[in-house]
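The values are calculated or read from the model by the stated rules, or taken from the named source; none is laboratory data. Everything numeric here is computed off the predicted structure, so don't read it as measured data. When we count neighbours, we look across all protein chains shown, and the Cβ atoms used for this are built from the backbone with ideal geometry, even at glycine. Protein only, heavy atoms only, side chains kept; ligands, DNA and RNA dropped before computing areas. Shrake-Rupley method; radii C 1.70, N 1.55, O 1.52, S 1.80 Å.
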Amino acid sequence: MGNWLANHWLSVLFLVSWLGLNIFLFVYAFLNYEKSDKYFYTREILGTALAFARASALCLNFNSMVILLPVCRNLLSFLRGTCSFCNRTLRKPLDHNLIFHKLVAYMICVFTAIHVVAHLFNFERYSRSQQAMDGSLASVLSNLAHEKEGDSWLNPIHSPNTTVMYATFTSVAGLTGVIATTALVLMVTSAVEFIRRNYFELFWYTHHLFIVYIICLGIHGLGGIVRGQTEESIGESHPNNCSNSFREWDKYEWSCRRPHFVGHPPESWKWIVAPIALYIFERILRFYRSQQKVVITKVVMHPSKVLELQMRKRGFSMEVGQYIFVNCPSISFLEWHPFTLTSAPEEEFFSIHIRAAGDWTENLIRTFERQHSPLPRIEVDGPFGTVSEDVFQYEVAVLVGAGIGVTPFASILKSIWYKFQRADNKLKTQKIYFYWICRETGAFAWFNNLLNSLEQEMEELGKMDFLNYRLFLTGWDSNIAGHAALNFDKATDVLTGLKQKTSFGRPMWDNEFSRIAAAHPKSVVGVFLCGPRTLAKSLRRCCQRYSSLDPRKVQFYFNKETF
């Protein structure tokens with residue numbers, strides 16, 4: 001736990017500050033509406049539900065302001081570039097942008113539930129006080145004339161015959177609230193991991209309901225349903241002095257005047273206008289970049305239904321481990337999918353590897369497989385920064401790729417090859433451990449040539465110890481294992497053609513980390529993963545377990561790719 005806090009103290013501080021702001025805003029608004037003289041008469045009708053509704057509304061505004069910032073990818077890439085020379089701890093929160101985005105979304109759901117439930121009570125109490133005939137203060141306030149003076153009414157339900165349902169769907173606040181809540185529910189439910197991975201198109205289209213949510217939020221307060229006594233009215237008829245004599249309001253010259261009320265001015269737009277403007281600028285920039293011409297220079301079909309595209313684009317500049325968004329208008333005008341760049345910054349082209357993993361990717365691969373037909377038009381947005389950009393900031397790097405998750409590390413390994421070719425003496429990294437875990441043998445063919453070239457280059461330069469790579473096959477049968485065993489004494493592996501033999505099964509991570517910690521007792525080790533969540537848990541646990549409590553000794557820093 002101590003090591004984890006040492007590595008993530010800034011992220012924890014940021015998260016605690018965000019939670020603290022939510023608590024502060026809720027308590028501040030709650031006490032304001034619960035104690036303020038301005039809402040004394042409103043509380044006579046609504047009770048404590050008023051304070052709950054308004055406090056949750058303030059927190060909703062705050063979180064709706066924040067939620068778009070983590071998905072402003074150009075902003076994050078700019079900040080990552082600005083902080084490129086900062087301590088890795090200062091850059092760490094940028095790697096958790098999607099996690100923070102989800103946390104803010106969950107917080108919005110919580111405060112939406114509080115807000116909706118509180119207003120259900122409010123509307124019910126508005127209706128009950130309007131129908132009351134007992135001459136109580138609440139009934140008198142509810143029957144203040146709506147027609148005589150525009151600012152005198154307090155109860156938005158103007159007639160005893162008006163139902164709560166009718167008042168909800170005929171008021172600006174009620175209708176926009178229903179629409180915004182429906183949009184929020186659809187966005188959250190379609191964003192669960194199962195739907196996002198198996199029905200990405202459903203997630204993609206439904207998530208754009210955020211436009212409906214933001215519009216409804218901006219105009220939600222225009223109805224002015226929550227009303228408070230005006231300052232002038234409080235001055236001449238303070239509720240502390242006049243609430244007990246409400247039956248004598250305006251009867252005599254010395255009597256208290258009937259209170260006047262005004263609707264609460266809309267405030268949501270003030271919270272969201274700045275992030276909306278920033279997000280619109282972000283989308284305009286991304287649209288402009290996506291319209292620049294992309295030239296496909298090479299198309300390669302790899303085993304296991306993996307498509308490689310090599311492309312060129314004027315002014316395109318990348319770093320290792322970055323990713324781009326790709327759109328194919330002939331398949332869908334609106335769908336953009338993220339893919340990690342597999343090329344190196346030193347190459348004259350940029351490339352991606354696309355595995356068939358859904359309708360869109362299958363259609364794309366099928367389109368490129370068609371012979372004697374022109375290549376489809378591809379639009380590219382990016383590149384955007386990821387945690388893998390920091391790989392050369394570590395003395396020792398551990399790269400773990402699962403299946404197609406090897407792609408960011410292909411870019412890193414290619415860049416290393418070029419750096420050795422050009423005798424780059426600025427390379428800080430002294431040792432790289434690379435683990436590639438695949439289910440089928442065909443997957444290893446994707447980057448066989450790259451690994452073979454690296455083996456030869458390291459041998460020629462006398463740096464065989466620089467790269468330690470291991471390949472693991474998790475999907476195998478007795479025929480494959482028997483064939484490998486019979487040919488084990490050969491110089492190269494029968495499955496890959498590489499000098500490094502393929503291992504069967506999964507890595508024993510405790511053994512691997514123990515060996516690395518023993519080999520580098522005073523090094524800072526960066527562990528990078530592009531793979532499933534279960535593997536991330538195992539690696540994160542090992543990073544914590546094998547990091548020394550002494551900061552002068554070996555320290556493991558876990559980093560996971562997220563799009």
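Assessment of region 321-328 against the conditions (touching a Leu at 6+ places or on another chain (Cβ under 7 Å) and part of a strand (DSSP E or B)) yields at least one matching residue.
Among the residues of this structure, Pro259 counts as one that is surrounded by 12 or more Cβ atoms within 10 Å (Cβ to Cβ) and of a type outside the set (Gly, Ala, Ser).
Yes/no per residue for (1) touching a Ser or Thr at 6+ places or on another chain (Cβ under 9 Å); (2) in contact (Cβ under 8 Å) with a residue 12 or more places away in the chain; (3) under 26 Å from Gly531 (Cβ atoms); (4) surrounded by 20 or more Cβ atoms within 10 Å (Cβ to Cβ):
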residue	(1), (2), (3), (4)
Thr342	yes, yes, yes, yes
His353	yes, yes, yes, yes
Asp359	no, yes, yes, no
Arg370	no, no, no, no
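When each of Thr176, Thr181, Thr112, Thr168 is tested for being in contact with a Cys (Cβ under 8 Å, 6 or more places away or on another chain) and part of a helix (DSSP H, G or I), the lone residue that passes is Thr176.
Scan region 165-179 residue by residue and report those that are without any contact (Cβ under 8 Å) to a residue 60 or more places away in the chain and surrounded by 16 or more Cβ atoms within 10 Å (Cβ to Cβ).
Ala167, Thr168, Ser171, Val172, Ala173, Gly174, Leu175, Thr176, Ile179
Only one residue in Thr367, Thr386 is in contact with a strand residue (DSSP E or B) (Cβ under 8 Å, 6 or more places away or on another chain) and among the hydroxyl-bearing types (Ser, Thr, Tyr). Which one? Checking each option against the conditions leaves just Thr386. Among the residues of this structure, Met318 counts as one that is within 30 Å of the chain's Cα centre (by Cα), buried (at least 17 other Cβ atoms within 10 Å of the Cβ) and in a loop (DSSP other than H, G, I, E, B). The set of residues from region 96-135 being open to solvent by 40 Å² or more (accessible area, probe 1.4 Å) and among the polar types (S, T, N, Q) comprises just one member, Gln131.
Quick one: which residue in Val306, Val294 is farther than 30 Å from Thr230 by Cα, surrounded by 16 or more Cβ atoms within 10 Å (Cβ to Cβ), at pLDDT below 85 and in contact with a strand residue (DSSP E or B) (Cβ under 7 Å, 6 or more places away or on another chain)? Only one candidate qualifies: Val306.
Quick check on Phe420: is it surrounded by fewer than 23 Cβ atoms within 10 Å (Cβ to Cβ) and within 19 Å of Asn559 (Cα to Cα)? Criteria not met by Phe420.
Taking region 224-314 as the region of interest, none of the helices (runs of 4 or more DSSP H) fully inside it holds 3 or more residues being under 30 Å from Cys438 (Cα atoms).
Going by the conditions given, is Ala191 open to solvent by less than 70 Å² (accessible area, probe 1.4 Å) and either in a helix (DSSP H, G or I) or in contact with a strand residue (DSSP E or B) (Cβ under 7 Å, 6 or more places away or on another chain) (or both)? No: the conditions fail for Ala191.
Restricting attention to region 263-287, the residues being open to solvent by less than 60 Å² (accessible area, probe 1.4 Å) and acidic (Asp, Glu) number 1. Can we say Glu248 is acidic (Asp, Glu) and either at pLDDT below 80 or surrounded by 15 or more Cβ atoms within 10 Å (Cβ to Cβ) (or both)? In short, yes. So which residues in region 506-547 are touching a residue at least 24 places away in the same chain (Cβ under 8 Å), among the hydroxyl-bearing types (Ser, Thr, Tyr) and either open to solvent by 70 Å² or more (accessible area, probe 1.4 Å) or farther than 19 Å from Trp436 by Cβ (or both), if there are any at all? Within region 506-547, Ser514, Ser523, Tyr546, Ser547 meet the criteria.
Of the candidates Ile214, Ile234, Ile225, the single residue that is under 28 Å from the mean Cα position of the chain (by Cα) and open to solvent by less than 40 Å² (accessible area, probe 1.4 Å) is Ile214.
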